[in-house]
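Have a look at the structure below, then the notes.
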Amino acid sequence: MHMADALVSPWVGGAFWVISGALIGHSAKKIAAEKDYSKTPLMGILGAFVFAAQMINFTIPGTGSSGHLGGGLLLTALLGPYRAFITIASVLTIQCFLFADGGILALGCNIFNLGFFPAFIAFPFIYRLTPGNRKSPVTIGFASITAATAGLLMGALSVIFQTLLSGISELPFTTFSLFMLPIHLVIGIIEGLVVWMVLIFVSKAEPSLLIPANTIKPSRRILITLAVTALLIGGVVSWFASSNPDGLEWSISKVTGQEELIHSGNAIHSILDDLQKKFAFLPDYSFKATESLHSGESHTPPESVSSVRTGTSFSGVAGSLLVLLLVGITGYFLRSVSKKSRADT
């Protein structure tokens, strides 16, 4: 559900840059005030895990569409809302600038849609308020599926309103909604099942992580397990991702007959498009020479399959490590700010 720049007008994109920036600043302030950095390593590793997991598009049977893990709810369940929002923003920023996944103008929208709803709405008001024993697998499952589905549907509805506010006439509100909401309902249920499985593993391996306010440092065992899993997903499992369009692309194609819209040639769109092309060294998670093969624009000859897989593996591993680095730098910066504020007082 990564929006391209063609789906938003400059003023809508700019407004959500401001909104998401304010939420990042608020989250950073909250983290600094807590003076607890025991989960900073977990933030980085979970960010790497979510980056790798988002590369795995799973087929939605009978639709010709696919979906992928959003990751916001999983991050929030293990990190709390503020660390989760910072982490998902880091993932989306790396994807946007270095892999051309989602537009620069639309980055604020993407951070808001995939970060705000699961972290600040679905988790506190649906997941945490689910009645019953929090340690029960059934309760965790019900809470995970319900909250993941609600968060993704709210994000999908936000996409629809953002295109409406942007005046994208090719995507009428009612028609676009009729395709976007049902397909993301299915994707949300599948994401909830994945979150459930991960949380069940965590509840057995290290149950203290299911308490967001807990200040106990995650064990080396759980960190290594998640790190290795992220690298395996990004480096190997990503080969087998579905080539079907994701829920947003599929919905656009059903309404307009094409998976992507072309921006109107607005100067801001053109400048940001050129900027992204300069930054993105692995567009579409592949080497530039094989980008068109990877995206299905032409038939891939047998001798090119290894090149595509190499590009995909490199993208998965490099992206995971870059997210880990970015989140680590962010954690170090927040720690420095917190120490300075304590020294000043």
Log10 I(q)/I(0) at q = 0.07, 0.13 Å⁻¹ for the chain, from Debye over equal alpha-carbon scatterers, is -0.28, -1.00
Quick one: plug the Kirkwood hydrodynamic radius of the range 206-261 (C-alpha pairs) into Stokes-Einstein at 4 °C, 1.567 mPa s, and report D in µm²/s.
87
According to the square roots a ≥ b ≥ c of the eigenvalues of the Cα gyration tensor, what is the shape class of the range 1-159, taking rounded for a/c under 1.5, prolate for a/b larger than b/c otherwise, and oblate for the remainder?
oblate
Which of Asn110, Asn244, Asn266 moves most in a GNM of the chain, Cα contacts under 10 Å?
Asn266
Expressed in nanometres to one decimal, the distance between label points 7 Å along Cα→Cβ at Ser253 and Met197 is 2.5
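Could you give the size of the charge dipole of the chain about its Cα centre, using +1 on the Cβ of each K and R and -1 on the Cβ of each D and E, expressed in debye and rounded to the nearest 20?
Numbers: 21 positive and 18 negative charges, 373 e Å.
Computed about the Cα centre, the dipole is about 1800 debye.
Mean separation of Cα pairs under 8 Å and 6+ residues apart, divided by the residue count of the chain: what relative contact order is that in percent? Before the final figure, lay out each step's value.
On the way: 563 pairs, mean separation 102.2, N = 345.
Taking the mean separation of contacting Cα pairs over the length of the chain, I get 30 percent.
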Counting only pairs 8 or more residues apart or on different chains, how many lysine pairs in the chain have their Cα atoms under 19 Å apart?
17
Give me Rg over Rh for the range 1-86, both radii from the alpha carbons and Rh done the Kirkwood way, two decimal places.
1.06
Ile121 versus Ser270, label points 7 Å from Cα toward the beta carbon: distance in nm?
3.6
For the range 48-179, what relative contact order do you get, as a whole percent, if you take Cα pairs closer than 8 Å and at least 6 residues apart?
19
Using the alpha-carbon centroid of each, what span in Å lies between the range 169-183 and the range 43-73?
22
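Based on the Cα gyration tensor of the range 122-249, what are the three equivalent ellipsoid semi-axes, each the root of five times an eigenvalue, rounded to whole Å and given largest first?
Values: eigenvalues 207, 82, 33 Å².
Computed over the range 122-249, the values are 32, 20, 13 Å.
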In the Gaussian network model of the chain, springs joining C-alpha atoms below 10 Å, which of Pro81, Pro182, Pro283 carries the largest mean-square fluctuation?
Pro182
Long-range tail of P(r) for the range 97-171 (Cα pairs > 22 Å, %)
38
1/(1 + (r/R0)^6) with r = Cβ-Cβ of Arg221 and Phe314, R0 = 30 Å, i.e. FRET efficiency to nearest 0.05, evaluates to 0.60
Residues with amide H under 5 Å of Ser65's amide H, sequence separation 5 or more or different chain, H placed in the peptide plane at 1.01 Å from N; which?
Ile60
Proxy reagent accessibility, fewest Cβ within 10 Å first, across Val202, Val159, Val195, Val236
Val236, Val202, Val159, Val195
To the nearest 10 degrees, how steeply does helix 305-344 sit against the main Cα axis of the chain, on a 0 to 90 scale?
40
Hey, what do the phi angles of the range 23-37 turn into as Karplus ³J(HN,Hα) couplings, whole Hz, using 6.51/-1.76/1.60 and θ = phi - 60°, x for Gly and Pro?
5, 5, x, 5, 5, 4, 5, 5, 5, 4, 5, 6, 6, 10, 10
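Rule-based calculations on the coordinates, nothing more; no lab input. Just so we're clear, the structure is a prediction, and the values are computed from it rather than from any experiment. In this analysis, Cβ positions are derived from the backbone assuming ideal geometry, glycine residues included, and neighbour counts consider all displayed protein chains.
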